[in-house]
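The values are calculated or read from the model by the stated rules, or taken from the named source; none is laboratory data. Note that the structure is a prediction, hence the values are computed from the model and not measured. Neighbour counts run over all protein chains shown; Cβ positions are idealised from the backbone, glycine included. Each accessible area value is taken on the protein alone, full model and side chains, heavy atoms only, with ligands, DNA and RNA left out. Shrake-Rupley method; radii C 1.70, N 1.55, O 1.52, S 1.80 Å.
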Amino acid sequence: MAVKVHALCNLLQKVTHFRSISTTSNLLRFNQPLSGNEMPRAGGIASMMRLPVQQSTDDLDVCFVGVPLDIGVSNRSGTRFGPRQTRTESALIRAVNVSTGAAPFESLQVADVGDVWLNLYNLPKAVNDIADGFSKLMANGCKTLAIGGDHTMTYPILKAVAKKYGPVGLVHVDAHTDTQDTMLGEKIAHGTPFRRAVEDGCLDCQRVVQIGLRGSGYGHDDYDWGIQQGFRVVPATECWHKSLSPLMEEVCHQMGDGPVYISFDIDAIDPGFCPGTGMMVLQK
């Protein structure tokens, strides 16, 4: 089963039941994941990171939302179960990243808002459903962390993001460019989201970077379309056997101060370690 986890940056976990901070006007209390000391990790409701579940993004800074979609994939289906399984596995994640010091629950109000509704029998309709659902979730400024779901989902999410923020930068980690024009004659599929996003004006193409591209392709020019639009392309071969810190500094400089969307496709990881993907890339 492939799992696409979009907008991942140092996912969160728990300190104690609540942590409080003082402001000049009031005391804010932030949601905390349920501790393994309060409930064994094999128990409890399987929300993302065992956070509280709510039906809307009211009063939230960030929300987790599932996108159970796999009707856009060309090889192995099953990603519709990705959000559910990711939630189950996330019960093991604790509150603080000891290595980096990241402790997001000390300053952000986060909850799991369930899955976006979509039509599993009609892909164009599902795309519209996802875009509408994310527009509602983001209306109050809440940032969404989307769990998929095949990569078709990125196109409607970007439509919703651009509707609110205008064209955005993109950090895309993947084995594939996902910039094909059509797949089996169809414009909407898991291999086409970023071409559609460019055509719809969702992306600031000078602030797009694709990292980790590798494997066999249809031709020597597979990366050319994106480069012609202004994308920076960083093949996997340029990432091996070196620290990625300099690259990340360059990416941060490229993104600047504007809004950025992050998309991480699980097939960016070697299938020897993450075989559960719809499109395994076996060749390095």
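Close contacts from the stretch 256-284, counting a first residue that is within 13 Å of D174 (Cα to Cα) and a second that is surrounded by fewer than 20 Cβ atoms within 10 Å (Cβ to Cβ) and acidic (D, E), with Cβ to Cβ under 7 Å and a gap of 6+ residues or different chains, come to none at all. Condition first: within 30 Å of T192 (Cα to Cα) and either open to solvent by less than 10 Å² (accessible area, probe 1.4 Å) or aliphatic (A, V, I, L, M) (or both). Can you find one or more residues in the stretch 48-56 that meet it? Taking every residue of the stretch 48-56 in turn, at least one turns out to be within 30 Å of T192 (Cα to Cα) and either open to solvent by less than 10 Å² (accessible area, probe 1.4 Å) or aliphatic (A, V, I, L, M) (or both).
Note on the stretch 115-130: residues that are assigned to a loop (DSSP other than H, G, I, E, B) and either basic (K, R) or under 17 Å from the mean Cα position of the chain (by Cα) (or both) total 1.
The residue pairs whose first member lies in the stretch 69-87 and is closer than 18 Å to M280 by Cα, whose second member is polar (S, T, N, Q) and open to solvent by less than 10 Å² (accessible area, probe 1.4 Å), and whose beta carbons are closer than 6 Å, counting only pairs six or more residues apart or on different chains, are D70/T79; G72/T152. The listed residues are G133, G101, and the only one of them that is on the phi > 0 side of the Ramachandran plot and over 15 Å from the mean Cα position of the chain (by Cα) turns out to be G101. Annotation: of all residues in the stretch 166-179 being over 17 Å from the mean Cα position of the chain (by Cα) and under 22 Å from S135 (Cβ atoms), the one that is surrounded by the fewest Cβ atoms within 10 Å (Cβ to Cβ) is G166. Looking across the stretch 252-270 at every residue that is closer than 18 Å to R214 by Cβ and touching a strand residue (DSSP E or B) at 6+ places or on another chain (Cβ under 8 Å), the one that is surrounded by the fewest Cβ atoms within 10 Å (Cβ to Cβ) is identified as F264.
Checked against (1) among the hydrophobic types (A, V, I, L, M, F, W, C); (2) farther than 30 Å from N128 by Cβ; (3) buried (at least 20 other Cβ atoms within 10 Å of the Cβ), W240 meets all criteria but (3).
Restricted to the stretch 180-211, and to residues that are open to solvent by less than 10 Å² (accessible area, probe 1.4 Å) and in a strand (DSSP E or B), which residue is farthest from L247 (Cα to Cα)? Residue satisfying both the conditions and the ranking: V208. Those residues that are among the hydrophobic types (A, V, I, L, M, F, W, C) and assigned to a helix (DSSP H, G or I), I need them from the stretch 235-284; list them, please. Passing the criteria: A236, L247, M248, V251, C252, M255, I266, A268. Among residues of the stretch 91-107 that are farther than 13 Å from R41 by Cβ and in contact (Cβ under 8 Å) with a residue 40 or more places away in the chain, those with a beta-carbon under 6 Å from a residue that is assigned to a loop (DSSP other than H, G, I, E, B) and of a type in the set (G, A, S) at least six positions away or on a different chain give the pairs V96/A103; F105/A95. Reported count of residues in the stretch 157-174, each being assigned to a strand (DSSP E or B) and either of a type in the set (A, V, I, L, M) or touching a Ser or Thr at 6+ places or on another chain (Cβ under 9 Å) (or both), is 5. Among the residues of the stretch 189-220, the one identified as basic (K, R), closer than 24 Å to G258 by Cα and in contact with a Ser or Thr (Cβ under 8 Å, 6 or more places away or on another chain) is R195. Just name the residue that is least open to solvent (accessible area, probe 1.4 Å) out of those in the stretch 74-97 that are β-branched (V, I, T) and at pLDDT 95 or above. Filtering the stretch 74-97 for residues that are β-branched (V, I, T) and at pLDDT 95 or above, the one least open to solvent (accessible area, probe 1.4 Å) comes out as T86.
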